[in-house]
Every structure is written in structure tokens, then in C-alpha cells.
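Notes to accompany the following structure.
Throughout, read-outs are computed from the coordinates displayed, never taken from laboratory work. Predicted model only: the values in this text are computed from it and were never measured. Here Cβ is always computed from backbone atoms with ideal geometry, including for glycine, and neighbour counts include all displayed protein chains.
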Amino acid sequence: MPFAQEQPALDLDLAFFHWLAGPHVTGAAGDETLVLDELARLMRDPHTASTLVPRVPAVIPQVLRSLRSDAASSVDLARQVAQDAVLVAEVLREVNSPYYQPSSPVRNLEGALLLLGQNGLRMLLARVAFRRIISLQTSRLARLVAPQLWNQSEKCAQAASLLAASHGADPFEAYLAGLMHNVGLVVALRVIDGLLPTGGLPDSDAFGLRLVHAARLISAGIAGEWELPPAIGHAIAHLGDAATVSTSLPAALGEADRLAKLHMLAGGGQPAFVGAVAALPAGLRQVYDTFNDTDNTNRQDA
């Protein structure tokens, strides 16, 4: 289900970067070289890069390992999750939201498991964990951009999980890759905040493309630091590669990333993006339309 070939000129990565950064360019652009050199260093040093964002809760890799074991029980899973009290509180708050509509209040992890099942719980765990990573920012630019960045990450994860089967990929690994792929962009924004004056964000096409590429490789390196399945880092590093085999996790993630960006950009009503939506093949349009359902539910929950 590739994107329509009649839309080759639409560079969604670049358009999304300009859309994300545009409101925050308020003065003369700072030195691009300073930023790009530091990002190149962090690409080679994923451990240091990982210190620039909150760490993924240790329970997530533990849960992933348990879910691969036939011997793991629901009790074991709940016991592991219970190690992170903040994560437990967020899971219970979300599972009691209108999105899940429980018939009676869910008061513990065992109840969440009964409502969601193991697969549903692990997806919810991943979502609340990564929302903390992207949203809890202290630097100015990263904090301002975080809501839009999380919105795109969540949409990408949702689409990737839906597209995974058609590409021969694991739906949960695709979901995690969608949540993870923007973490490097958070790092890049923190680097910009540290090196450039307020409002000095460069927004040239060349800088935007190089920043997006570097951020993607930083995300892939951090995924390895956090002991996520190797397929996730590989998919992020090769997202959008022309040589990527069509039946693979990178291909599913690439399509999901483009759909999520297109949905956010088309919301502004620009004809090029609205036209690209109209040109989507039927299968991709069906996935795209699920974003509207999710947005409606989130507004009800707000």
C-alpha cells in the first residue's frame, strides 16, 4: 500500500520540520554548524544522547522480555509494572478514562489486565511511558514543541501497529517504534536550546533535512541504550530509505510516519496536503481516518 506516486514533490519531513519550528523562529538564525556538529557527536555517542531525555522506565524492557516468555503469567506482569508507582498511577488514570469506558472503576493492575488483556496493557504501558519522555521537558524549545511532537508520535504508533501485519512486521514492535522515533528530535531541540540564542532556530531547508536525519539516527541509538528490541532501532534508522524492502518494519514505520505528519499538516487546510490526503490509496486512507476517531475521543477525555 505505497503512497500515491503522483505526490513525489511533497517532502513531509521538511514540511513538518518547518511547521513545528516556524512559530519559534523569532530572530536571526543561529549558527547551524554548531548544532549539526553536536548532533553528529551524539549520533556516535548514544549513551550521552540518552541522558538528555528522561529514561524509559526500566519496567518496559522487563515487560517486553516477560511477554516473550510462555512461562510469564499475568501476575508476574502486574508485579513488574508495580515497581514504578508513577507509571501505575498513570495506567489506572488512563484505563478509567472515557477512551476505555470500563463498566466499573478499575482500581488495580490486575483489573487493568482483565479489561485490556496482555497486549492492550503493554500498549497502554508504552504510551504512558513515552508520553512522559517526550512531554516532561525543561528546555524552552523542547517544552513548547512537545505537545505537537507527542501528537505525531502517538498517531505514528497507532498507524504503524495497524500497518504492521501487511508488511510482515510485529504490531507491538511497530507501535514501540512509532512512539520512539521522535525521541532524537527532542534531543536535537535541547541541543538547539543549549547552543543558540532564544528564537535563533535555523529554518533553512538544508538544515531541516540534516537535523531530521541526525535526530532519527539518535533515536535509533537511544533505542539500543534502552534495551528495546533491535528491530526497533533498525526500523527507525532506516525509516524512509528507498532501498527498504516493502515487507518490513521500516516500511510500515515509514508509511505510518508520513500518514501522521500528513494528518497534522492537512489540518491547516493547505491545498497541497489536502490533495495528498485525497490521493491516498484506500488501505492507507482507512488507517488515516482512524486518527479522526482518536482525536474525537481525546477531546472528550480532555
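Annotations for the structure displayed:
- Fewest-first ordering of 110, 94 by other beta carbons within 10 Å of each residue's beta carbon gives 110, 94.
- Over the chain - Rg/Rh using Cα atoms and the Kirkwood inverse-distance radius: 0.96
- Residue order, fewest to most beta carbons within 10 Å, for 176, 149: 149, 176
- Mean ellipticity per residue at 222 nm, deg cm²/dmol - from DSSP H runs of n ≥ 4 across the chain, formula -39500 (n - 2.57): -22000 deg cm²/dmol
- Two-decimal Rg/Rh across the range 56-135, once Rg and the Kirkwood Rh are taken from alpha-carbon atoms: 0.94
- The ranking of 122, 55 by Cβ neighbour count inside 10 Å, starting from the fewest, reads 55, 122.
- Residues whose amide H falls under 5 Å from that of residue 227, counting only those 5 or more places apart or on a different chain, are absent, with hydrogens built in the peptide plane.
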